[in-house]
Amino acid sequence: MQPINPRSFYPEGPLWHQGRLYYVEYSEDRVMCWDGAQNRPVWHQPGSGPCSLVPAAEGGLWVACFSGDRLERIGLDGRSLERVEPSAADQGFGGPNDFASDGEGGFYFTGSGSFDVAAAKTGRVFHRARDGRLRCVARDIHFANGLALSPDGRRLFVNAHLAKELLVFDRQPDHSLGPARRFLFLPDLLPEPSFANGYTGGDGMKIDHAGRFYICQFGAGRILVCGPDGAFLRAIDIPDRDVTNVAFGPDETSLFVTAVSDSWTAPYPGTAYRLDNPMVLPPHGPQ
């Protein structure tokens with residue numbers, strides 16, 4: 001496991017893009033880039049509170065600005081290119097948190113709602129089409145967090161962080177979603193560690209080409225890996241307690257992981273890591 005930035009501040013949303021790693025520092029309001037040797041800031045906007053990134057069909061990256069309650073499209077040179085804000089009918093996005101590309105130039109994103117175990121279930125999922133059409137496609141989620149499409153594009157999976165659930169929605173041809181169903185209850189996969197609490201739950205998530213789930217378990221210091229049927233395969237231990245998100249490197253042979261040692265106390269220290277993907281065999285198979 002290689003720390004590529006051991007002095008990061010609430011790192012989130014890693015994305016391998018055009019031979020570089022991009023990620024955000026939520027508490028520093030900035031997007032970072034690692035070129036294999038150095039980390040450098042790419043974009044900074046006070047009050048934005050960025051959480052995740054996704055490639056933009058129009059060029060550049062979309063940034064989910066949780067604190068700013070908006071989306072921003074930026075160039076890889078850091079220029080701000082476009083802004084998407086909620087309409088009056090949306091009554092706010094509820095904190096854009098994570099993205100999943102829809103495979104057609106658009107994307108889904110979560111609007112989380114309040115990070116409070118006692119709060120109402122106000123998390124939502126939105127879809128933005130390539131032509132700019134934006135609509136809410138799911139609601140009443142207890143803190144909507146990481147999300148990912150199945151490899152065949154027919155189902156969307158969403159972490160209901162504070163319910164400790166992974167939800168599944170059938171995806172329709174017009175990008176709308178069917179009713180939510182519980183796919184997994186995370187404590188059933190592996191008992192939570194003794195230091196877990198009500199805020200321990202599924203954060204960022206990715207699905208590999210084989211349909212395996214990599215679920216970052218915030219508050220548990222690990223990534224849970226499950227098969228396409230939800231069967232537990234293994235845990236990947238991470239040195240920091242609050243694992244926020246994961247991304248695949250080239251050919252899924254490596255993982256990039258962001259994690260925070262203390263998400264409750266400034267300056268919210270954390271680390272961005274690179275590690276070999278233990279689910280991928282070496283090129284010549286087992287020795």
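Bear in mind that the values in this text are calculations on the coordinates, not laboratory data. It should be emphasised that the depicted structure is a prediction, and the values quoted were computed from it without experimental measurement. Reconstructed Cβ throughout: ideal geometry from the backbone, glycine too, with neighbour counts over all protein chains shown.
Which one of I74, H142, Y23 has its Cα pushed farthest toward the positive end of the charge dipole of region 2-276, where Lys and Arg give +1 and Asp and Glu give -1 at the Cβ?
Checked the options; the winner is H142.
Under a GNM of the chain (C-alpha, springs under 10 Å), which listed residue has the highest mean-square fluctuation: V54, V42, V246?
Maximum fluctuation in the GNM of the chain, among the listed residues, is at V42.
Region 252-278 to region 22-73: how many Å between their Cα centroids?
16
Any idea what the dipole of region 2-276 comes to, in debye rounded to 20, about its Cα centre with Lys/Arg Cβ at +1 and Asp/Glu Cβ at -1?
On the way: 27 positive and 34 negative charges, 53 e Å.
Computed about the Cα centre, the dipole is about 260 debye.
Taking Cα centroids, how far is region 81-156 from region 167-209 in Å?
Taking the Cα centre of each part, region 81-156 and region 167-209 sit 15 Å apart.
Per-residue HN-Hα couplings for region 74-89, Karplus 6.51 cos²θ - 1.76 cosθ + 1.60 at θ = phi - 60°, whole Hz, x for Gly and Pro?
Once θ is set to phi - 60°, the couplings for region 74-89 become 10, x, 5, 8, x, 5, 7, 10, 7, 10, 10, 10, x, 7, 4, 5 Hz.
Of E28, E104, how do they rank once you tally other Cβ atoms within 10 Å and put the fewest first?
Listed from fewest to most nearby Cβ atoms, that is E104, E28.
Under the classification rounded if a/c is under 1.5, otherwise prolate if a/b is larger than b/c and oblate if not, where does region 84-144 fall, given a ≥ b ≥ c as square roots of the Cα gyration tensor eigenvalues? List each step's numbers first, then the result.
Values: a/c = 2.63, a/b = 1.73, b/c = 1.52.
Prolate, because a/c is 1.5 or more and a/b exceeds b/c.
With a cut-off of 8 Å between alpha carbons and a minimum separation of six or more residues, what is the relative contact order of region 2-276 in percent? Show your work: numbers first, answer last.
Values: 787 pairs, mean separation 40.9, N = 275.
So the answer I get is 15 percent.
Quick one: grab the alpha carbon gyration tensor of region 170-287, order the square roots of its eigenvalues as a ≥ b ≥ c, and give me rounded if a/c is under 1.5, else prolate or oblate depending on whether a/b is larger than b/c. Mind dumping the intermediate values first?
Values: a/c = 1.56, a/b = 1.09, b/c = 1.43.
Cα axes put region 170-287 in the oblate bin.
Say the dipole of region 2-276 comes from +1 at the beta carbon of Lys and Arg and -1 at that of Asp and Glu; which of F93, P173, I215 then lies farthest toward its positive end?
So the residue furthest toward the plus end is P173.
Can you give the relative contact order of region 1-119 as a percent, counting alpha carbon pairs under 8 Å and 6+ residues apart?
Values: 259 pairs, mean separation 18.4, N = 119.
After rounding, I find 15 percent.
Could you tell me which chymotrypsin sites (Phe, Trp or Tyr not before Pro) in region 225-264 are loop residues by DSSP with no more than 12 other beta carbons within 10 angstrom of their beta carbon?
Working: sites: F232, F248, F256, W264; in loops: W264.
Within region 225-264, the qualifying chymotrypsin sites (Phe, Trp or Tyr not before Pro) (loop, at most 12 other Cβ atoms within 10 Å) are W264.
Between A163, A272, A118, where does the largest GNM mean-square fluctuation fall for the chain, given springs only between Cα atoms within less than 10 Å?
A118
When a/c reaches 1.5 or more, the comparison of a/b and b/c decides; with that in mind, is the chain rounded, prolate or oblate per its Cα gyration tensor?
Numbers: a/c = 1.23, a/b = 1.08, b/c = 1.15.
Judged from the Cα gyration tensor, the chain comes out rounded (a/c under 1.5).
Tell me which of A119, M32, G153 sits at the most positive position along the dipole axis of the chain, charges placed on C-beta atoms (Lys, Arg +1; Asp, Glu -1).
Selected residue: G153.
Springs between alpha-carbon atoms under 10 Å, Gaussian network over the chain: tell me which of T258, T200, T110 tops the mean-square fluctuations.
Largest GNM mean-square fluctuation: T200.
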